[in-house]
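As structure tokens, the structure follows; a few thoughts come after it.
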Amino acid sequence: MSAPGPPRGRRLRRAGLGLALAFATLAGVTARAEDAREGVSVRPSLGVTGVFDDNVFSSGEDERSDWGVWVEPRLQVGWQRSRLRTEFDLAGELRRYARHAVLDDEFWTLLGSADLELGRGFHLRLSDAYVPRPLQLGRPTDDGLNRVQTNRAQAELGWQRELRRRNTLDLGVRAVHFTTPGFVSEVDLDGDGSLESARVEGDYQELGAHLEWQRALGRRALFYLRGEGRERRFDPLSSLDFRELAGYGGVRLRGTRRLSLDAAVGWGRLDFDEGDAQDRLLLRTQLRWTGPRGWSASLNLGRQFTADVAGQEYVETSAELGVDRELGPRTSLGLELLGSHFRASGPGLDSNRFVALGLHLDRQLTRRLRARLAWRHWRNGGDHELDDFHQNRVTLGLVYAR
């Protein structure tokens, strides 16, 4: 699968213009902040990472190793005043490799959001995210050949009201517009269940809503029931249009010194305009623990409907475990173990699964300079053995942040 997108020169000019405009705007905000000295935060940083990968093409038959350098400039700006809060996150990722020039690439992240409190329990959030996303689920999400730039614009209106007897009602509606450049993918063009290779654009519009009722159980826990619904319409391929309804019941534990928990179980239904409806058991659990002597851990479990950038729907079952230990005031050690199984919802699609293990060592060298040494092993397996592969990556990075 490839993702040529627009020509590199045009892509770089467009991204360069966007960054130039954003930096100019933020420079003006920063200059005005010297007079206001209130509510403005500016956090520039620069990262340089050396990378060695023993299977740069994620291949099960032709494994090739290479090393490269990633340069990552970043600027984060936040502004808050009265009922309005805005945030901007601008970053670039320039990759260069020693032996395989096809891996040289540039990725851009431009995030912007504005949150406005309207009063009487209403709030409005506007956001836009121009970010790279993985083309194929179940493969490394940070591999350049498995990435495509996307843009997601969203507007959300929410309302929350505290009721009698420790009850709370939360309601929200949202509208989403998602766009991608053209890329090659296996899709069901005519809705008959057969996949064809075609150049597509995963553009869609989505309307969604949620309603949640909460009941406090003492000072630190609550029980809740939540209903969600969304309808997604694709511009190029109407065979992918669908509606989703889901309901959850769960508990949240907050405010304790060492433990937080959000666990829920529910049922979801995915109804395609062309094709059979899918019913699935849904699950989500988030557990955080902070222990003595610098220990901390997190556990995430989930089962949900998810989609790739081409609009193909899957049922994702995932588990993620993280353990960290502070070895001193400036040093920490961490371990991550994660796995996911993507089960195809539509006919003709392939299922995919992976497991990954990672270790990292962080060191704060100076007040502004920190280093990270990391290793990651990724193992993929799917319906076709020829697609299966394993990969090891070692990285050494430095980040200078003001």
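The values are calculated or read from the model by the stated rules, or taken from the named source; none is laboratory data. Here the structure is a predicted model, which means the values were calculated and not measured. In this analysis, Cβ positions are derived from the backbone assuming ideal geometry, glycine residues included, and neighbour counts consider all displayed protein chains.
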Practice problem: Please work out if residue 120 is over 23 Å from residue 44 (Cα atoms) and out of contact with any Cys (no Cβ under 9 Å at 6 or more places or on another chain). | Solution: yes
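Sort out which residues of segment 152-172 are of a type outside the set (A, V, I, L, M), in a strand (DSSP E or B) and either exposed (fewer than 15 other Cβ atoms within 10 Å of the Cβ) or at pLDDT below 95 (or both), and write them in order of number.
Those that are of a type outside the set (A, V, I, L, M), in a strand (DSSP E or B) and either exposed (fewer than 15 other Cβ atoms within 10 Å of the Cβ) or at pLDDT below 95 (or both): 159, 160, 161, 162, 167.
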Self-check item: segment 110-147, residues that are aromatic (Phe, Trp, Tyr) and more than 30 Å from residue 182 (Cβ to Cβ)
Solution: 122
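This table checks each residue for (1) at pLDDT 95 or above; (2) polar (S, T, N, Q); (3) within 30 Å of residue 119 (Cβ to Cβ).
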residue	(1), (2), (3)
23	no, no, no
36	no, no, yes
59	no, yes, no
97	yes, no, no
104	yes, no, no
Quiz item: If you check residue 298 against the conditions, is it within 18 Å of the chain's Cα centre (by Cα), at pLDDT 90 or above and more than 24 Å from residue 224 (Cβ to Cβ)?
Solution: no
Quiz item: Going by the structure shown, is residue 175 modelled with pLDDT under 95 and of a type in the set (A, V, I, L, M, F, W, C)?
Solution: no
Practice problem: Assess whether residue 376 counts as being over 23 Å from the mean Cα position of the chain (by Cα) and farther than 30 Å from residue 277 by Cβ. | Solution: no
Quiz item: Just checking, how many residues over segment 112-142 are in a strand (DSSP E or B) and either out of contact with any strand residue (DSSP E or B) (no Cβ under 8 Å at 6 or more places or on another chain) or under 30 Å from residue 353 (Cα atoms) (or both)?
Solution: 7
Quiz item: Taking segment 352-386 only, how many residues are under 30 Å from residue 314 (Cα atoms) and touching a strand residue (DSSP E or B) at 6+ places or on another chain (Cβ under 7 Å)?
Solution: 16
Quiz item: Taking into account only those residues within segment 69-101 that are touching a residue at least 12 places away in the same chain (Cβ under 8 Å) and not in a strand (DSSP E or B), which is nearest to residue 49 (Cα to Cα)?
Solution: 98
Quiz prompt | Residue list for segment 319-334, restricted to those being within 14 Å of residue 295 (Cβ to Cβ), assigned to a strand (DSSP E or B) and either small (Gly, Ala, Ser) or touching a helix residue (DSSP H, G or I) at 6+ places or on another chain (Cβ under 8 Å) (or both) | solution = 322, 332, 334
Quiz prompt | Residue that is nearest to residue 179 (Cα to Cα) [pool: residues in segment 201-228 that are of a type outside the set (A, V, I, L, M), without any contact (Cβ under 8 Å) to a residue 60 or more places away in the chain and in a loop (DSSP other than H, G, I, E, B)] | solution = 203
Quiz item: Among 46, 75, which is surrounded by fewer than 16 Cβ atoms within 10 Å (Cβ to Cβ) and at pLDDT 85 or above?
Solution: 46
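Have a look at 125, 64, 85 and point out the one that is over 30 Å from residue 388 (Cβ atoms) and either surrounded by fewer than 16 Cβ atoms within 10 Å (Cβ to Cβ) or under 21 Å from the mean Cα position of the chain (by Cα) (or both). Let's see the steps before the verdict.
Working: 64 fails: over 30 Å from residue 388 (Cβ atoms); 85 fails: either surrounded by fewer than 16 Cβ atoms within 10 Å (Cβ to Cβ) or under 21 Å from the mean Cα position of the chain (by Cα) (or both).
Checking each option against the conditions leaves just 125.
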Quiz item: So which residues in segment 113-148 are in contact (Cβ under 8 Å) with a residue 24 or more places away in the chain and acidic (Asp, Glu), if there are any at all?
Solution: 115, 117, 128, 143
Quiz item: Which strands (runs of 3 or more DSSP E) sit wholly inside segment 229-318 and have at least 2 residues that are polar (S, T, N, Q) and under 21 Å from residue 210 (Cβ atoms)?
Solution: 278-290, 295-307
Quiz prompt | Among (1) at pLDDT below 95; (2) out of contact with any helix residue (DSSP H, G or I) (no Cβ under 8 Å at 6 or more places or on another chain); (3) not hydrophobic (A, V, I, L, M, F, W, C) - the single one residue 93 does not satisfy | solution = (1)
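Is it the case, given these coordinates, that residue 110 is buried (at least 18 other Cβ atoms within 10 Å of the Cβ), under 27 Å from residue 380 (Cβ atoms) and in contact (Cβ under 8 Å) with a residue 60 or more places away in the chain?
No; evaluated as a whole, the condition is false for this residue.
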Quiz item: Where residues in segment 270-310 are charged (D, E, K, R) and surrounded by 15 or more Cβ atoms within 10 Å (Cβ to Cβ), which of them is nearest to residue 136 (Cα to Cα)?
Solution: 308
Quiz item: Of the residues in segment 369-400, how many are at pLDDT 95 or above and surrounded by fewer than 16 Cβ atoms within 10 Å (Cβ to Cβ)?
Solution: 10
